[in-house]
Amino acid sequence: MSPTLAALLPIFAIIALGYTMRRLDFPGQGFWAPAERLTYFVLFPALLVNNLANAEFGDLPAVPMALAIGATFTALSLGLIALRRRLRVDGPGFTSVFQGAVRMNTYVGLAGAVALGGQVGLTLAAVAIAVIVPLVNLFSVSVLCRYAGDRPAPLGRVAGELARNPLLLACAVGLALNGLGRGVPWGGGAVLSLLGRAALTIGLLAAGAGLQLQRIRRSRGLILATAGLKLVVLPLLTALVCKILGVDGLPATVAVLFSALPGAPSAYILARQMGGDAPLMASIITVETAFACATLPAVLSWLG
């Protein structure tokens with residue numbers, strides 16, 4: 001067994017456990033939605049703030065890595081928008097295809113980065129998230145505002161959605177504290193550390209519980225094409241850009257890891273709240289998560 005596969009197997013095992021728990025109705029249907037909200041609004045932001053505030057970037061190629069990630073996600077986003085009319089899908093359907101191709105399950109990414117690189121991997125993951133979260137949310141919210149409804153949403157609504165994003169706010173706070181050079185003040189780092197420890201486990205369980213295998217019925221071609229873009233094309237493009245910019249080793253691995261992640265349950269919530277094609281979004285997330293069990297180790301092993 002390759003080291004990459006050995007590091008990732010526990011992650012997919014926890015996802016499978018979450019799916020099994022949901023199927024067995026344990027600890028109950030009322031548990032999962034609050035667990036997702038707790039992770040999204042409290043635990044995960046606590047992890048990001050604490051890690052970014054105390055990160056020692058040192059000689060890590062954070063800027064080239066950030067440029068590589070930003071360039072690939074921007075290129076794919078703009079390419080999808082340019083090709084929208086050729087996809088033969090309505091506006092709400094396009095928003096789900098778009099989210100499926102660019103959004104990622106950051107819980108899986110954080111757990112994978114820790115498994116592959118320990119504390120350094122976590123720091124690099126925080127850099128990746130600091131780039132990806134604002135960029136992907138900017139594009140996704142804008143696309144939903146433009147194509148999900150009958151008319152484009154006002155610019156103020158787009159700005160409001162971005163300003164309220166807890167992951168974006170957490171990255172901003174963490175980087176600001178890091179810039180001040182004092183970490184988290186008043187002993188708050190210990191509190192955030194305790195909260196952050198729960199984020200990965202609960203987030204992975206919730207990701208598994210959110211899988212909806214029974215909803216994959218139609219639009220199989222569109223779903224498979226979206227999964228191919230997210231799980232194969234985007235990570236290969238990221239690997240190419242990393243090579244061009246001279247990013248290698250663990251930073252390149254983490255960059256490709258975050259590009260190869262399956263879609264996030266938050267994409268379904270966003271689609272449902274903003275008028276996207278929520279059933280299609282759920283199907284895309286489910287297929288991507290299932291396929292990622294094979295594609296993610298394969299892509300990372302090829303990179304190594």
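The values are calculated or read from the model by the stated rules, or taken from the named source; none is laboratory data. If you're wondering where the values come from, they're calculated on a predicted model, not measured in any experiment. Don't worry about glycine lacking a Cβ; one is built from the backbone with ideal geometry, like all the others, and counts go over all protein chains shown.
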Looking only at region 180-197, and only at residues there that are part of a loop (DSSP other than H, G, I, E, B) and touching a residue at least 24 places away in the same chain (Cβ under 8 Å), the one that is surrounded by the most Cβ atoms within 10 Å (Cβ to Cβ)
V184
Pairs under 6 Å by beta carbon, first residue touching a residue at least 24 places away in the same chain (Cβ under 8 Å) in region 14-27, partner surrounded by 10 or more Cβ atoms within 10 Å (Cβ to Cβ) and among the aliphatic types (A, V, I, L, M), six or more apart or different chains?
I14/L204; I15/L204; I15/A207; G18/L205; G18/A209; Y19/L211; R22/A209
Looking at A126, A130, A111, which is the one that is within 22 Å of G208 (Cβ to Cβ), within 12 Å of the chain's Cα centre (by Cα) and part of a helix (DSSP H, G or I)?
A111
Of these, L200, L205, L211, L280, which one is in a loop (DSSP other than H, G, I, E, B) and farther than 23 Å from A75 by Cα?
L211
Residues in region 288-298 that are surrounded by fewer than 24 Cβ atoms within 10 Å (Cβ to Cβ) and touching a residue at least 24 places away in the same chain (Cβ under 8 Å) total 5
Does P34 satisfy the criteria of being more than 22 Å from C171 (Cα to Cα) and surrounded by fewer than 21 Cβ atoms within 10 Å (Cβ to Cβ)?
yes
In region 28-41, residues that are out of contact with any Gly (no Cβ under 8 Å at 6 or more places or on another chain), closer than 17 Å to S266 by Cα and either aromatic (F, W, Y) or without any contact (Cβ under 8 Å) to a residue 24 or more places away in the chain (or both) total 6
Being among the β-branched types (V, I, T), more than 16 Å from the chain's Cα centre (by Cα), modelled with pLDDT of 85 or more and surrounded by 15 or more Cβ atoms within 10 Å (Cβ to Cβ) is the requirement here; does I216 meet it?
no
Of A292, A255, A267, which residue is under 17 Å from the mean Cα position of the chain (by Cα), at pLDDT below 85 and within 19 Å of L110 (Cα to Cα)?
A267
Tell me, please, whether a residue that is of a type in the set (A, V, I, L, M, F, W, C), under 25 Å from E56 (Cα atoms) and buried (at least 21 other Cβ atoms within 10 Å of the Cβ) can be found in region 258-279.
yes
Failed criterion for M104 (all others in (1) closer than 16 Å to L229 by Cβ; (2) assigned to a helix (DSSP H, G or I); (3) within 15 Å of the chain's Cα centre (by Cα) hold)
(2)
Scanning for something out of contact with any Phe, Trp or Tyr (no Cβ under 7 Å at 6 or more places or on another chain), touching a residue at least 40 places away in the same chain (Cβ under 8 Å) and surrounded by fewer than 16 Cβ atoms within 10 Å (Cβ to Cβ), does region 45-60 turn up at least one residue?
yes
